[in-house]
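Quick notes on the structure that follows.
The values are calculated or read from the model by the stated rules, or taken from the named source; none is laboratory data. Note that the coordinates shown come from a computational prediction; the quantities given were computed from them, not determined experimentally. We place every Cβ from the backbone using ideal geometry, glycine too, and count neighbours over all the protein chains shown. Surface accessibility is based on the protein's heavy atoms, side chains included, excluding ligands, DNA and RNA. Shrake-Rupley method; radii C 1.70, N 1.55, O 1.52, S 1.80 Å.
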Amino acid sequence: MDITVKRIGRELKYQGRIVDFYADIMELPDGRTTVWDYIEHRKCAAAVVPVLPDGRLLLVRQYRNAVERTTLEIPAGARDSLEEPYEVCAARELEEETGYRCEKLEFLISTHSAVAYCNERVDIFVARDLVPASRHLDPDEFVDVEAYTLEELCAQIYEGKLQDAKTVAAIMAYKNKYQPVS
C-alpha cells in the first residue's frame, strides 16, 4: 500500500515567541486533500538529567499553563539559536534552573515531543559531577528544585503522577542504561 503523503501548501495562522502555527494542505495517497495542523518549534530544545553524588536525580517543579498545574520535569529549555549545540543549551539550562553545573554532559537520547503535529526535537543529556553554581532563572520562571531516587520517580510514572513526556522518556532511558536488569 502506498502511504506517500505530500504537503502542497502551508498557511501561517499564528506566530508566537517560540512556535508558529500553520494549516498544512496535504495530498493523501488516494488523491484527496485535507488540512492538518502543524506547529513549528523554531529552535528546538535540550534537556538534562542531573545526577547527584548519592544517585538521586534533580528535577524542577513549575507551573505549566497548557495543563493548568505544576509539573515535575527534568531541566530543559529552547536553544538560543538554530546554530547553538544542544549540549551547550543543556548545560545552560542545568545551571539556570538548578544552580549546578558540570564539566561534561553525556548524550542520553533524542526525542520528538508530538510527532503528529509538531517538529520539536529535544536532545537529552546526563550530568554528573555536579558543582554548585548559581541559578539564573528567566524573569517569568518560578521553579523549585527537588531531588528524587530513581525508584521514587519510576513509581510516580507508573502511578500517573509524573506525565511530562521528555521526563518520562529520560528517566526510563536513564534507568535502562545505568541500571539494566541482569
Straight-distance crosslink candidates among lysines, where the alpha carbon sits under 28 Å from Lys161 and sequence neighbours closer than 8 are dropped:
Lys175, Lys177
Per residue value of the accessible surface for the chain (all protein chains in place, 1.4 Å probe), Å²
59
Got a sec? Charge dipole of segment 1-123, +1 on Cβ for Lys and Arg, -1 for Asp and Glu; which of Trp36, Ser110, Pro75 is way out at the positive end?
Trp36
Enumerate the calculated ³J(HN,Hα) couplings along segment 161-174 in order (Karplus 6.51 cos²θ - 1.76 cosθ + 1.60, θ = phi - 60°), each rounded to whole Hz, writing x wherever the residue is Gly or Pro.
7, 9, 10, 4, 4, 5, 6, 4, 4, 5, 5, 5, 5, 4
Taking the chain, how much of its Cα-Cα pair set, in percent, is spaced more than 31 angstrom apart?
25
Whole-Hz ³J(HN,Hα) from phi, Karplus 6.51 cos²θ - 1.76 cosθ + 1.60, for segment 9-17, glycine and proline x:
x, 8, 10, 5, 9, 7, 10, x, 6
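With +1 on the Cβ of every Lys and Arg and -1 on the Cβ of every Asp and Glu, and nothing else charged, how large is the dipole of the chain about its Cα centre, in debye rounded to the nearest 20?
Numbers: 23 positive and 33 negative charges, 51 e Å.
That gives the chain a dipole magnitude of about 240 debye.
Please check the chain for the longest run free of trypsin sites (Lys or Arg not before Pro) that are loop-located per DSSP (anything but H, G, I, E, B) and have at most 16 other Cβ atoms within 10 Å.
Numbers: sites that count: Arg17, Arg32, Arg42, Arg56, Lys104, Arg128, Arg135, Lys161.
Result for the longest clean stretch: 57-103.
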In terms of the alpha carbon gyration tensor, root eigenvalues a ≥ b ≥ c, rounded if a/c is under 1.5 and otherwise prolate when a/b exceeds b/c or oblate, segment 1-60 is oblate
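Per residue, how big is the convex hull around the C-alpha atoms of segment 31-111? Give it to me in cubic angstrom, could you? Each step should come with its number before you reach the end.
Working: hull volume 12.5 nm³, N = 81.
So the per-residue Cα hull volume is 154 Å³.
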Taking GluC sites (Glu not before Pro) in a DSSP loop with at most 14 other Cβ atoms within 10 angstrom as exposed, one finds the longest site-free stretch of the chain at 1-67
Measure out, as a whole number of angstrom, how far apart the alpha-carbon centroids of segment 103-182 and segment 42-60 sit.
5
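Per-residue ellipticity at 222 nm for the chain, helices alone: DSSP H runs ≥ 4 residues times -39500 (n - 2.57), over residue total, nearest 500 deg cm²/dmol? Mind dumping the intermediate values first?
On the way: 3 runs with 36 residues, N = 182.
Helix contribution divided over all residues of the chain: -6000 deg cm²/dmol.
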Based on the inverse mean of 1/r over its pairs of different Cα atoms, what is the Kirkwood hydrodynamic radius of segment 117-182, in Å?
14.5
Which percent of the accessible area of the chain is formed by carbon and sulfur heavy atoms (probe 1.4 angstrom)?
52
